[in-house]
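Just so you know, all these numbers are worked out from the coordinates, no wet-lab data involved. For clarity, every value in this text was computed on a predicted model and none was experimentally measured. Here the Cβ positions follow ideal geometry from the backbone for every residue, glycine too, while neighbour counts run over all protein chains shown.
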Amino acid sequence: MARILIVDDSPTEVFAFKRMLEDHGYQTLTANNGEDAISKAKKEQPDLILMDVIMPGINGFQATRRLAKDPETTKIPVIMITTKDQETDRIWGLRQGARDYVVKPPVETEFLAKIKVVLESA
């Protein structure tokens, strides 16, 4: 099954996503900020990254842009998952290289369906 890197600075959010994904057979890795996400993505080469936006240091938009431009990580798809629900945020996230953009809290069935589509198209 696919390995998914969960990037979020909220332990509560990480726990919820980790549990949801592992209950559906996915393996999970975690990072709590953008710098750690970039480092783990290079080292672990996950099949997918779920990226929060609002984090200390490098935010999710910046981390996604770096991952998309780096030859070592450019093929790893990113789904942004954030409380930022404005259309301009969604467009900006996709312009940074994200494959999809999900607003928290996600509806589990819809979220899992989006993950499946992104993994299949990667």
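Using every pair of distinct Cα positions in the range 1-53, the Kirkwood expression returns a hydrodynamic radius of 10.8 angstrom. Ordering Ala63, Thr73, Thr88 by the projection of their Cα atoms onto the charge dipole of the chain, which places +1 on the Cβ of Lys and Arg and -1 on the Cβ of Asp and Glu, puts Thr73 at the extreme positive end. For the chain, the Kirkwood estimate of hydrodynamic radius, built from reciprocal distances between every pair of different alpha carbons, is 13.9 Å. The distance between label points at Thr83 and Lys116 comes to 3.0 nm (points 7 Å beyond Cα on the Cα→Cβ vector). Show me the trypsin sites (Lys or Arg not before Pro) within the range 58-122 that DSSP assigns to loop and that have at most 13 other Cβ atoms within 10 Å of their Cβ. Counting only loop positions with at most 13 other Cβ atoms within 10 Å, the trypsin sites (Lys or Arg not before Pro) in the range 58-122 are Lys75. Short-range pairs are left out: with C-alpha atoms under 8 Å and at least six residues apart, the relative contact order of the chain is 22 percent. Loop-located GluC sites (Glu not before Pro) in the range 33-105 (DSSP state other than H, G, I, E, B) with a sparse environment of at most 16 neighbouring Cβ atoms within 10 Å: Glu72. For Arg3 and Lys69, the difference between the fully extended length at 0.36 nm per residue and the C-alpha to C-alpha distance is 21.6 nm.
Mean residue ellipticity at 222 nm, helices only, the chain: -14500 deg cm²/dmol; runs of at least 4 DSSP H residues each add -39,500 (n - 2.57), and the sum is divided by the number of residues.
Partners of Lys43 within straight-line reach, counting lysines whose Cα lies under 26 Å from its Cα and excluding those fewer than 8 residues away in the same chain: Lys18, Lys69, Lys75, Lys114, Lys116.
Considering only the Cα atoms of the range 59-98, their convex hull presents on average a projected area of 2.5 nm². Taking each residue as 0.36 nm, the span from Ile54 to Glu108 lengthens on full extension beyond its C-alpha to C-alpha distance by 17.3 nm. Near Leu29, the amide H atoms lying under 5 Å from its own belong to Ile4, Leu5, Ile6; only residues 5 or more places off or on other chains count, and H is placed 1.01 Å from N.
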